[in-house]
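As structure tokens, the structure follows; a few thoughts come after it.
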Amino acid sequence: MKLEQLLEGVSYTLVQGSLELDIEDIIYDSRKAAPGRLFVCIVGTQRDSHDYAAQCVADGVTALVVQHDIDLSTVPGAAVLKVESSRYALALMSGNLFGNPSRRMTMIGVTGTKGKTTTTHMIKSVLEAAGRKVGMIGTNGIYFLGHHQETANTTPESYELQKTFREFLDAGCDTALMEVSSQGLMMDRVAGIHYDIGVFTNLSPDHIGPGEHKTFEEYRSWKGQLFKRCTTGVVNIDDENTEALLEGHTCKLVTYGCSEKADYRAGTYQLLRTHDFLGVQFHVSGKDDMDVKVNMPGEFSVYNALAALTVGKVLGLPDEAIHEGLGRCVVKGRVELVPISRKFTILLDYAHNEVSTESLLTTLRAYDPHRLVVVFGCGGRIVRHAADSGGSAPPRRVESHRPDRSAHGADGRQRRGAVYADFKGVPAAVRCGPVRCERHQCCGAGHAA
């Protein structure tokens, strides 16, 4: 592709060189430098890749995109283009490189603090029950037509994202469904993508700290950007942050929740339990009237299912597909039932901070178990926020929803100390050594007997 074609839609200044160069690929990792490639210099939180521009040119790179001035004498023969934001330029150029595949599929983005992964899986299940061919990107990885790949981030970097969309399209997908993180929005990973539907689940303090968001207000503002980039917003009307998050939105709104104001509202829900099943059943009224049964427990499953149902309604999917999709959906690591014995129930859940763990324990207590045992493992870094409401350690307020027994461990002495301190007061605690989790992150297991 000619450099000039690659730059379509990008505001730039040609500092040196020609636009008639052939570009084979775009890179932002200097270790991948080679002839025919364009290197995008990015100012990161840890390092500035402008420092590697000269070496990349020495290794044969054809063109450079820079965000600030560099010594041109060190990059002879290379085309140099200056832009206001190299991350934004990377996103637009990546779209151009892969033929802007998102424009040829139905695009659905889901944002919020909790419930993104479960909601995307529910939407995927409903869409597939209706015969759609779906590609999905999120915390649990990339899924499309029987394929699965791991991802480093909930929302991948723009180049990887556009490459994945191209794979979806080439494989025959007609719909791309993804989790859209606040970091993905703030760092322009989804720049240039217009969503047919944007979904908001809920909001609570998270990702606030060094290298992330400075304040909760900033975090909320970036989440809200999705609703300036979609045609229809499907939003949880019950969340106290919805109005502020939607400030300046440009999309049509369709609401869900338990409020009488919701377009699709859930009435009183019924908890369902057998030896090998924990679920919930509820009635939906408002713009439609239907009974819904979900293969996951608790009030949060009602909200996640309502979001998926509303997306189905916006897309005009048949009720049969909505029922089938919600009834069969199971999400790895999200109150995932492990069928081992008829004598007790084991659930695996990725409850990694205060809000998630408190919600999980409250949910399980509502099923009135004879005994509730929690096993909590912690890997990775521990982050304390000002309100002690996030990070990778279990919550202090776990004690207010006390399990009958607990066992907990962490990878590393410093982490274990923090974990044990947080579970102070929980009876009969068993302190374990290093805990290995499949995703090398936090993993909680609730055992209700």
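The values are calculated or read from the model by the stated rules, or taken from the named source; none is laboratory data. Because the structure is a prediction, the values reported are computed rather than measured. Backbone-built Cβ (ideal geometry, glycine too); neighbour counts: all protein chains shown.
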- [ ] Would you point out which residue out of ALA91, ALA54 is at pLDDT 95 or above and within 30 Å of TYR195 (Cβ to Cβ)?
- [x] ALA91
Task: Residue check, ASP263 in contact with a Cys (Cβ under 9 Å, 6 or more places away or on another chain), surrounded by 13 or more Cβ atoms within 10 Å (Cβ to Cβ), more than 27 Å from GLY192 (Cβ to Cβ) and in contact (Cβ under 8 Å) with a residue 24 or more places away in the chain - done: no
Task: The listed residue being modelled with pLDDT under 95 and of a type outside the set (Phe, Trp, Tyr), out of ILE208, ILE197, ILE193 - done: ILE208
TODO: Kindly list the number of the only condition in (1) in contact with a Gly (Cβ under 8 Å, 6 or more places away or on another chain); (2) more than 30 Å from SER301 (Cα to Cα) that fails for LYS133.
DONE: (2)
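Under the condition of being β-branched (Val, Ile, Thr) and crowded, with 24+ Cβ neighbours inside 10 Å, which residue from the range 116-137 is modelled with the lowest pLDDT?
THR118
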Open item on the list: For the range 216-238, give me the residue count where each residue is in contact with a helix residue (DSSP H, G or I) (Cβ under 6 Å, 6 or more places away or on another chain) and among the hydroxyl-bearing types (Ser, Thr, Tyr).
Closed with: 2
Task: Count of the range 309-354 residues which are of a type outside the set (A, V, I, L, M), part of a loop (DSSP other than H, G, I, E, B), crowded, with 19+ Cβ neighbours inside 10 Å and more than 23 Å from the chain's Cα centre (by Cα) - done: 0
Task: Single residue of SER301, SER285 found to be surrounded by fewer than 20 Cβ atoms within 10 Å (Cβ to Cβ) and among the polar types (S, T, N, Q) - done: SER285
Open item on the list: I'd like to check something: does the range 173-186 contain any residue that is in a strand (DSSP E or B), within 11 Å of the chain's Cα centre (by Cα) and surrounded by fewer than 22 Cβ atoms within 10 Å (Cβ to Cβ)?
Closed with: no
Open item on the list: I need the strands (runs of 3 or more DSSP E) fully contained in the range 60-138, keeping only those with at least 1 residues that are over 23 Å from GLN149 (Cβ atoms).
Closed with: 63-66, 79-82
TODO: Show the residue pairs that are 6+ apart or on different chains and have beta-carbon atoms under 8 Å apart, the first residue being within the range 211-224 and within 22 Å of GLY44 (Cβ to Cβ), the second being hydrophobic (A, V, I, L, M, F, W, C) and at pLDDT below 80.
DONE: LYS214/ILE208; THR215/ILE208; TYR219/ILE208
Task: Residue, nearest to the chain's Cα centre (by Cα), within the range 241-281, restricted to residues that are among the hydrophobic types (A, V, I, L, M, F, W, C) and part of a loop (DSSP other than H, G, I, E, B) - done: LEU246
- [ ] Please specify each residue of the range 283-308 satisfying the condition of being in a strand (DSSP E or B) and either charged (D, E, K, R) or farther than 12 Å from THR118 by Cβ (or both).
- [x] HIS283, VAL284, SER285, GLY286, MET290, ASP291, VAL292, LYS293
Task: Some residue of the range 136-146 being without any contact (Cβ under 8 Å) to a residue 60 or more places away in the chain and in contact with a Cys (Cβ under 9 Å, 6 or more places away or on another chain) - done: yes
- [ ] Could you pull out the residue among SER49, SER18, SER30 that is surrounded by fewer than 13 Cβ atoms within 10 Å (Cβ to Cβ) and in contact with a helix residue (DSSP H, G or I) (Cβ under 9 Å, 6 or more places away or on another chain)?
- [x] SER18
TODO: Of the conditions (1) more than 21 Å from ARG166 (Cα to Cα); (2) out of contact with any Asp or Glu (no Cβ under 6 Å at 6 or more places or on another chain); (3) in contact (Cβ under 8 Å) with a residue 12 or more places away in the chain, LEU19 clears all except one; give me its number.
DONE: (2)
